[in-house]
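Student: Please find one structure pasted underneath; my questions will follow.
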Amino acid sequence: MIEQLFGSKTRVKLLQLFYGNPNRSFYVREITRKIDEQLNSVRRELANLQSIGIISSENTNNKLYYEVNQAYPHYKALASIFGVTKITIEDKGEDDPLKAIGRVDLAILTGQFTRDDRSGVDFLVVGDINQTQLGKYVSELEKKEGKEIRYAMMPTREFLYRRGLNDRFLTNVMESKKQVLVDNTKALEPQEKSKKKETEE
């Protein structure tokens, strides 16, 4: 049904990839591998989506990267169909590999995932984490992505304390382009609310 509405299976898969991963950039062969479709079909549909304005592209280190265009007028409507809005660890289901690493309160992809290296890391996870299981999770992620991943972990209490102190590392992570995989305790909201309150005063 959705394929008929949006034109082709490849286009639907592309929309699911881009809207399911806001702020992430992908190059063509990476996209082809992730959605398991033919290269020519992927190139054709990328050109179509770009001409409409749904995605944008940028050349970095002689590679053309594509990502969803969040300024597109119908971004929110399409995101409601193809994307994921607020995610909690409960939403992700029993089979999600993040569950195996412990109680995850916050998990963020940044750095090379979003082509924004200000953070100095690619993956930040906050909560009551089993280090051995986290190591396995990262190893699997590295195999899947085909690259080495820099990661950091910390307990939730430490995260909140350091955020309150405007810790440089966490400030850089929060200000960098990122994709939030899990926000179970809404740890990012208090600071945003306090900023809003200061502005209003």
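The values are calculated or read from the model by the stated rules, or taken from the named source; none is laboratory data. Just so it is clear, the structure is predicted and the values come from calculations on it, not from any experiment. Heads up, the Cβs are rebuilt from the backbone with ideal geometry, glycines too, and the neighbour counts pull from every protein chain shown.
Student: Scan segment 148-163 for residues that are surrounded by 12 or more Cβ atoms within 10 Å (Cβ to Cβ) and out of contact with any strand residue (DSSP E or B) (no Cβ under 7 Å at 6 or more places or on another chain) and jot them down.
Tutor: Of everything in segment 148-163, those that are surrounded by 12 or more Cβ atoms within 10 Å (Cβ to Cβ) and out of contact with any strand residue (DSSP E or B) (no Cβ under 7 Å at 6 or more places or on another chain) turn out to be Glu158, Leu160, Tyr161, Arg162, Arg163.
Student: Is segment 113-133 home to any residue that is outside the structural domain of Gln70 (by TED's automatic domain parsing), aromatic (Phe, Trp, Tyr), within 20 Å of Glu67 (Cα to Cα) and at pLDDT below 90?
Tutor: The answer is yes; a qualifying residue exists.
Student: Taking the criterion of being in a loop (DSSP other than H, G, I, E, B), modelled with pLDDT of 90 or more and of a type outside the set (Val, Ile, Thr), would at least one residue in segment 56-67 satisfy it?
Tutor: Within segment 56-67 (the criterion being in a loop (DSSP other than H, G, I, E, B), modelled with pLDDT of 90 or more and of a type outside the set (Val, Ile, Thr)), the answer is no, since none of the residues qualifies.
Student: Tell me which residues, restricted to segment 68-98, are of a type in the set (Lys, Arg) and either within 27 Å of Gln131 (Cβ to Cβ) or at pLDDT below 85 (or both).
Tutor: Within segment 68-98, Lys86, Lys92 meet the criteria.
Student: Now a separate question. If you check every pair at least six apart or on different chains, which have Cβ atoms under 6 Å apart with a residue in segment 151-177 that is closer than 14 Å to Leu106 by Cα and in a helix (DSSP H, G or I) first and a residue that is modelled with pLDDT of 90 or more and not aromatic (Phe, Trp, Tyr) second?
Tutor: These pairs meet every condition: Thr156/Asp105; Thr156/Val126; Thr156/Gly127; Phe159/Val126; Arg163/Leu170; Leu170/Arg162; Val173/Leu124.
Student: Can you tell me which of Ile35, Ile52, Ile31 is without any contact (Cβ under 8 Å) to a residue 24 or more places away in the chain and not acidic (Asp, Glu)?
Tutor: Every option except Ile52 fails the conditions.
Student: Does segment 30-38 include one or more residues that are surrounded by 12 or more Cβ atoms within 10 Å (Cβ to Cβ), over 21 Å from the mean Cα position of the chain (by Cα) and of a type outside the set (A, V, I, L, M)?
Tutor: Scanning segment 30-38 turns up at least one residue that is surrounded by 12 or more Cβ atoms within 10 Å (Cβ to Cβ), over 21 Å from the mean Cα position of the chain (by Cα) and of a type outside the set (A, V, I, L, M).
Student: Suppose we filter Gln16, Gln70 for residues that are assigned to a loop (DSSP other than H, G, I, E, B), touching a residue at least 24 places away in the same chain (Cβ under 8 Å), surrounded by fewer than 19 Cβ atoms within 10 Å (Cβ to Cβ) and not assigned by TED's automatic domain parsing to the domain that holds Val173; which single one remains? Explain how you work it out, then say what you get.
Tutor: Working: Gln16 fails: assigned to a loop (DSSP other than H, G, I, E, B).
After ruling out the rest, the residue left standing is Gln70.
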